[in-house]
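Here the structure is laid out as structure tokens; the discussion comes afterwards.
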Amino acid sequence: MLYYKGYITESTLIGIWKVEESKDELLSYLLHKEWLDNINTIKSQSRILEILSARVLIKELTGEEKHVYYTLSGKPFLTDKSFHISVSHTRDYVSIALNKDEEIGLDIEYISEKIQRVKSRIVSDAEFIDPHKELTHLLLHWSAKEAMFKFLDADGVDFRKHLYVENFFPHDEGSFLASESRTENNLHFKAYYKVEKEFILVCIEENT
């Protein structure tokens, strides 16, 4: 079921699909079954539903089916090169970001206390976590860094050392700045976020 569809910036379109359908129901939305030949080799039923939901969501966002392929590192791209794409999933949700002109990075995370266990590996001493909204703020840091990691598609990225989130106070939605020091480009990003009851979502664009 389509949960959300909207532009978070003038050029980046976001879609969120809540996975409530069966495999057969999702397949019924798709005509190009030949693009899904390898799906029967996947043992995990939840992974199959994620893949099919993503294809259906792409169709919902663009108005047509798109053939998705993957680089050797596992980064998805559309074979017709009509959009830059980033894909993320968590529990029963699949999310996609599309941008015609620029690379983007997207991450969606289910809200869970488990993030507390890896706090020391995510947040540096120079970064700020609001003690009144600690869980949400930690998840936004993690999600922003996951989005940057996908954007960079580089080896040896240390979330604490190479990825930085500038200080901000979290709300239900908004934006904040972030940057990376892993590559020689030292890229800066603007991160747009949404906080929902069950998940948080962050999408980044390069801030030039």
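The values are calculated or read from the model by the stated rules, or taken from the named source; none is laboratory data. Note that the structure is predicted; figures quoted are calculated from it, not measured. Neighbour counts are summed over all protein chains in view; Cβ atoms, including those assigned to glycine, are modelled from backbone coordinates with ideal geometry. Ligands, DNA and RNA are excluded from the accessible area calculation, which covers all protein heavy atoms including side chains. Shrake-Rupley method; radii C 1.70, N 1.55, O 1.52, S 1.80 Å.
Applied to segment 85-93, the Karplus parametrisation 6.51 cos²θ - 1.76 cosθ + 1.60 on θ = phi - 60° returns per-residue 3J(HN,Hα) values of 9, 9, 10, 8, 8, 7, 6, 9, 10 Hz, with x for Gly and Pro. The calculated P(r) of segment 45-155, using every Cα pair and 10 Å bins from 0, goes 13, 39, 31, 15, 2 in percent.
Considering only I111, F128, L140, whose Cα is most displaced toward the positive end of the charge dipole of segment 109-149, charges sitting on Cβ of Lys, Arg (+1) and Asp, Glu (-1)? Going by the Cα projections, it comes out as I111. In the context of the full set of protein chains, the chain has a per residue accessible area of 53 Å² (1.4 Å probe). The mean sequence distance of close C-alpha pairs (under 8 Å, at least 6 residues apart), as a share of the length of the chain, puts its relative contact order at 16 percent.
With the convex hull drawn around the C-alpha atoms of the chain, the volume per residue stands at 131 Å³. Of the cross-linked pairs K5/K194; K66/K145; K5/K197; K119/K161, which ones have a Cα-Cα span greater than 22 Å in the structure shown? The answer is K66/K145.
When restricted to Cα atoms, segment 1-62 yields an Rg and a Dmax of 12.6, 39 Å, respectively.
Residue-wise HN-Hα couplings along segment 47-58, as the Karplus relation 6.51 cos²θ - 1.76 cosθ + 1.60 with θ = phi - 60° gives them from phi, are 5, 4, 5, 4, 5, 5, 4, 4, 5, 5, 5, 4 Hz; Gly and Pro carry x.
Mean residue ellipticity at 222 nm, helices only, the chain: -7000 deg cm²/dmol; runs of at least 4 DSSP H residues each add -39,500 (n - 2.57), and the sum is divided by the number of residues.
Per-atom-type breakdown for the chain gives carbon and sulfur 48% of the accessible area (1.4 Å probe, protein chains only). Placing unit charges on the Cβ atoms only, positive for Lys and Arg and negative for Asp and Glu, gives segment 1-146 a dipole magnitude near 380 debye about its Cα centre. Within segment 28-107, list the trypsin sites (Lys or Arg not before Pro) lying in a DSSP loop whose Cβ has at most 15 other Cβ atoms in a 10 Å radius. Filter output for segment 28-107: K43, K81, R91, K100. Computed over segment 106-208, the percent of Cα pairs more than 18 Å apart is 40.
Taking amide hydrogens as placed 1.01 Å from N in the peptide plane, the amide H of E196 sits under 5 Å from those of L201, each at least 5 positions away in sequence or on another chain.
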